[in-house]
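Notes follow once the structure below has been shown.
Just so it is clear, none of the values below were taken in a lab; they were calculated from the coordinates. Every value quoted in this text rests on a predicted model; they were computed, and no experiment measured them. Ideal geometry is used to build each Cβ from the backbone, glycine not excepted, and the neighbour counts take in all protein chains shown.
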Amino acid sequence: MPIEPNPLAPNPHYPVGILRQHGRFHVLAGAPIPKGGHIMDLGGKLSSRPSRYSVQVDVDLHVETWVPVQGDTSLDSCQVRYMNHSCKPNTRIWNRQVIALRDIEEREELTFDYNATEWEMAETFICTCGHCDGRRISGFKHLNPLEQEERRDLLPPHLQTKLASPG
Ligand SMILES: [Zn+2]
């Protein structure tokens, strides 16, 4: 899949930090990030099958975010692995980049909607994002048509094509 230039990402890469709290990891903004900011890249090994830490980027194509990209010794490419799901996210994944959906404050947790990248989750879980009623996160496939439509603007091409009607 060719990686196309991203018109939403004029400012590549902002500092992020990993926070471990009560046994859970969180990715925090290390500086204010403006809406549309290209925060980091989705690095890792490509796989045809999903796993617990993979992010789907195309039909039958998943980035294993826990496997460093060859030659990248900074492990920066693995930070996406620690990003938690939110039903009201402040980033989205686009062209294998993490993009700010709105202005983000320093030390704010970075989240994305797993239901807007994954067709079907390798491992489902009960959401603790605080914006929903503790729903089970299973992937785009398991959302009802209204919930799928609500995510239209977040969706990468491999999920856009699954919408009931074209935009
Ligand atoms: Zn939620």
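Dipole magnitude for segment 16-160: about 240 debye, using +1 per Lys or Arg Cβ and -1 per Asp or Glu Cβ, origin at the Cα centre.
Beyond 23 Å in Cα-Cα separation lie the following of the pairs LYS35/LYS141; LYS35/LYS162; LYS35/LYS88: LYS35/LYS141; LYS35/LYS162. Toward the positive end of the charge dipole of segment 16-160, with +1 on the Cβ of Lys and Arg and -1 on the Cβ of Asp and Glu, the farthest Cα among THR128, VAL57, ALA31 is that of THR128. Label reach from ARG52 (point 7 Å along Cα→C-beta): in segment 106-136, amide nitrogens under 13 Å belong to 122-125. Computed from label points 7 Å out along Cα-Cβ, the spacing between LYS162 and HIS26 is 2.9 nm.
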